[in-house]
């Protein structure tokens, strides 16, 4: 039995046309036995309901047998297809449209793949599976072309996992118009975490580097301290500066630490991708 397709009766109409539309979109297909275009459209809708794997429920209404329901929806010709969301009809089409047009109709209203990944990640977060959730959100962030909504969710999770560098990278590209109260809260939290996490060694080296900004040895030592304290962006920026001046600094030690940080971050990490490109351009 296809759980994404149902025949409507007077007994189940409330359950499937109204209640179910509070959970997911319901595509209501009004048809009749005498309607030839209906018989062309129905197999296509059946197939799409299976292909979309639960993104919507296909509810079939025989307009002759359920004339009262058809009248409530204002159906005047067949086939008529109505999309229900949250108990209300929000869109409709008439006639046996080509498959491409029906897909466009559906895609206007159904969750995008990245939205489904984001929803799945939220469930993982609630279950305490933060690392699994982070992998899903990173995928959603990439697939959505760095949608600010996804970025803020990812930045928040990064802070929970004390991944300050990635959080800062994400927050840095949030457009001004999307810098809402959550953004400001996360930015303040990040700055507090960064400041409180600095060791006396880091503070001392920062002061020395401010006094001698061209001293590669101090920059290297500060980069090492940053890497050991999870300041990954700061470490990579300093080590990249050192390598730009001397690719073999400390007999390759600077390059080794740089690459070790990239390996620790992992291939899917945006920060790792950014600095992998930089080192590749520099070395090759």
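No lab work stands behind these numbers, since they all come straight from the coordinates. Bear in mind that the values here come from a model prediction, so they are computed numbers and not experimental data. When we count neighbours, we look across all protein chains shown, and the Cβ atoms used for this are built from the backbone with ideal geometry, even at glycine.
With a simple spin-label model that places each label point 7 Å from the Cα along the Cα-to-Cβ direction, the separation between residue 90 and residue 248 comes to 6.3 nm.
From Cα pairs below 8 angstrom and at least 6 apart in sequence, can you work out the relative contact order of region 5-109, rounded to a whole percent? Mind showing how you got there, number by number?
Details: 160 pairs, mean separation 38.0, N = 105.
Here the relative contact order equals 36 percent.
The antiparallel fraction among DSSP beta bridges confined to the chain stands at about 55%.
Given the alpha-carbon gyration tensor of the chain, what are the semi-axes of its equivalent ellipsoid in whole angstrom, ordered largest first, with each equal to the square root of 5 times an eigenvalue?
On the way: eigenvalues 667, 68, 39 Å².
Working through the eigenvalues yields semi-axes of 58, 18, 14 Å.
Multiplying the residue separation of residue 215 and residue 3 by 0.36 nm and removing their Cα-Cα distance gives an extension gain of 69.5 nm. Using alpha carbons only, how many degrees (0 to 90, rounded to 10) separate the axis of helix 200-211 from the longest principal axis of the chain? Rounded to the nearest ten degrees, it is 70.
Enter the Cα centre distance for the pair region 20-94 and region 111-186, rounded to the nearest angstrom. Centre-to-centre distance over Cα atoms comes out at 36 Å. Contact order for the chain, expressed relative to its length and based on alpha carbon pairs under 8 Å spaced 6+ residues apart, stands at 11 percent.
One chain, two ends: residue 116 and residue 260. Fully extended at 0.36 nm per residue, the span grows by 48.5 nm beyond their Cα-Cα distance.
When the inverse distances between all different Cα atoms of region 200-283 are averaged and flipped, the Kirkwood radius reads 12.7 angstrom.
Run lengths n ≥ 4 of DSSP H only: what is the helix-derived mean residue ellipticity at 222 nm for the chain, with -39500 (n - 2.57) per run over all residues, to the nearest 500? Mind dumping the intermediate values first?
On the way: 13 runs with 165 residues, N = 284.
Rounded to the nearest 500, it is -18500 deg cm²/dmol.
Between residue 182 and residue 47, what is the FRET efficiency for a Förster distance of 41 Å, r being their Cβ-Cβ separation, to the nearest 0.05? Before the final figure, lay out each step's value.
Working: r = 41 Å, r/R0 = 1.00.
E between residue 182 and residue 47, to the nearest 0.05, is 0.50.
Rg/Rh, computed from the Cα trace of region 125-284 with Rh as the Kirkwood radius, has the value 0.99.
Axis angle, to the nearest 10 degrees, between helix 216-228 and the longest C-alpha principal axis of the chain: 40 degrees. Comparing region 155-198 with the 2.2 N^0.38 Å rule of thumb, its C-alpha radius of gyration ratio is 1.07 (two decimals). Between the helical axis of 148-160 and the longest alpha-carbon principal axis of the chain there is an angle of about 50 degrees.
Largest first and in whole Å, the equivalent-ellipsoid semi-axes of region 5-109 read 18, 17, 12, each the square root of five times a Cα gyration tensor eigenvalue. Working note: Cα atoms of region 113-197, range along each principal axis, descending, whole Å: 35, 29, 19.
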